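Working notes for the structure below.
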Amino acid sequence: MDLLERMAEAGAAGWSLILVAPFVGSFLGLIIRRLPDGSPTAWGRSACEQCGTRLKVRDLIPLFSWFAQKGQCRYCGRPLGWFYPGIELAALAVAVNALLVDGEGAWLDCILGWWLLTLGWIDLRCWLLPDILTLPLLLVGLAAAAAFDPEQLTQRALGAALGYSSLLAVAAVYRKLRGREGLGRGDAKLLAASGAWVGAAALPQLILIGAVSALVAAACVRFAGVRLSAHSALPFGPFLALATWVLWLSNSIRPIG
Ligand SMILES: [Zn+2]
């Protein structure tokens, strides 16, 4: 199997990514829950959200605790909800995906993938792409270029600058045509960060994949019976994040062996 070959090739680093991924997912879950409203800064899930019972270590093992307890709180029996197993599985999927495509380079892919996952999920929940996540992602993208891909640095710095300005331009056109805001500055900053990873040349593709997947998702939502009026829409961030991940991985494909 490809994954096994990849993991054999990636060695301990590959295995550790898979093992660490659900824990990273748990942590991303905390960021997604707590960052947007700036509430309790204690970094830990400390109590059941239903009954308030303090959670012990055995209640907090990613995925395992949830499945072992059949999705219910051990203390009050009420359902725990899908959020934490969902984000933990998604983080694991990112790691598996990266390992399959990229073998030993997978850890850098995972950093990007987990970051994008967090941003996309926050945008989906709260229509918000916090600067505290987008701006560092841009810097890390440029730093990664400088460290691992120096001949691409100019291309990627240009990607950041053009990403920001092109999305502001698209937003201005949208405002003129529709008479309302469709894209925010958060989207522009995310596109800048994406540009810092995939480079200027990939920006048209990036916007195209993002837009097409957003349209497909909107069609699915409508098909599922949810009426979208002209004034409700989907956030664009999750689709930009997805497009960035797809393009980054397609540029990182490494033959096995
Ligand atoms: Zn409880």
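The values are calculated or read from the model by the stated rules, or taken from the named source; none is laboratory data. Note that the structure is predicted; figures quoted are calculated from it, not measured. So basically every Cβ, Gly included, is an ideal-geometry build from the backbone, and we count neighbours across all protein chains shown. Only protein heavy atoms, including side chains, enter the accessible area calculation; ligands, DNA and RNA are left aside. Shrake-Rupley method; radii C 1.70, N 1.55, O 1.52, S 1.80 Å.
Please give the FRET efficiency for Ala201 paired with Leu135, using the beta carbon to beta carbon distance and R0 = 22 Å, rounded to the nearest 0.05.
Values: r = 23 Å, r/R0 = 1.04.
Efficiency at R0 = 22 Å is approximately 0.45.
Amide H to amide H, which residues 5 or more places from Gln72 or on other chains are under 5 Å from it, using H placed in the peptide plane?
Leu80
When N is the residue count of segment 149-249, what does its C-alpha Rg come to as a fraction of 2.2 N^0.38 Å? The partial results should precede the final answer.
Values: Rg = 14.5 Å, N = 101, 2.2 N^0.38 = 12.7 Å.
Output field value: 1.14.
Considering only protein heavy atoms and a 1.4 Å probe, what is the carbon-and-sulfur percentage of the accessible area of the chain? Write down the numbers at each step before the final one.
On the way: 9100 of 13470 Å².
Result for the chain: 68 percent of the exposed heavy-atom area is carbon or sulfur.
Tell me, what ³J(HN,Hα) does each residue in segment 116-132 have, in order and in whole Hz, if you take phi through Karplus 6.51 cos²θ - 1.76 cosθ + 1.60 with θ = phi - 60° and put x for Gly and Pro?
Along segment 116-132, the couplings run 5, 4, 4, 4, x, 5, 4, 5, 5, 6, 10, 6, 8, 10, x, 3, 5 Hz.
Write down the radius of gyration of segment 27-126 and its Dmax, each obtained from C-alpha positions, in Å.
14.9, 44
What accessible area per residue, rounded to a whole number of Å², is obtained for the chain using a probe radius of 1.4 Å?
Numbers: 13470 Å² over 257 residues.
Normalised by residue count, the accessible surface of the chain is 52 Å².
Sorted by accessible area (1.4 Å probe), largest first, how do Trp197, Trp82, Trp114 line up? All intermediate terms of the calculation are to be shown ahead of the outcome.
Working: Trp197 5, Trp82 160, Trp114 30 Å².
Sorted descending by solvent-accessible area, the residues read Trp82, Trp114, Trp197.
Taking 35 Å as R0, compute the FRET efficiency from the Cβ-Cβ separation of Ser250 and Leu60 and round it to 0.05. Walk me through the numbers before you get to the answer.
On the way: r = 36 Å, r/R0 = 1.02.
The pair Ser250/Leu60 has a calculated efficiency of 0.45.
List the residues, sorted by chain then number, that are 5 or more residues from Ala47 or on another chain and whose placed amide H is less than 5 Å from its amide H.
Leu55
Taking only DSSP H segments of four or more residues, each worth -39500 (n - 2.57), what value at 222 nm results for the chain once the sum is divided by all its residues, to the nearest 500 deg cm²/dmol?
-23000 deg cm²/dmol
So what's the gap between the Cα centers of segment 117-131 and segment 132-189, to the nearest angstrom?
So the two Cα centres are separated by 16 Å.
For segment 187-203, just list the computed ³J(HN,Hα) in residue order, Karplus coefficients 6.51, -1.76 and 1.60, θ = phi - 60°, integers in Hz, with x standing in for Gly and Pro.
Each residue's phi maps through the Karplus curve to give 4, 4, 5, 5, 5, 4, 4, 4, x, 5, 9, 8, x, 4, 5, 8, 4 Hz.
Give the share of C-alpha pairs in each 5 angstrom bin for segment 92-228, from 0 to the last occupied bin, in whole percents, shortest bins first.
Spelled out per bin, shortest first, that is 2, 10, 15, 20, 22, 15, 8, 4, 2, 0.
Stokes-Einstein at 25 °C, 0.890 mPa s, Kirkwood radius from Cα pairs: D for the chain in µm² s⁻¹?
125 µm²/s
In whole Hz, with x marking every Gly and Pro, tabulate ³J(HN,Hα) for segment 46-53 from phi via Karplus 6.51 cos²θ - 1.76 cosθ + 1.60, θ = phi - 60°.
Each residue of segment 46-53 in turn: 9, 9, 4, 6, 8, 10, x, 5 Hz.
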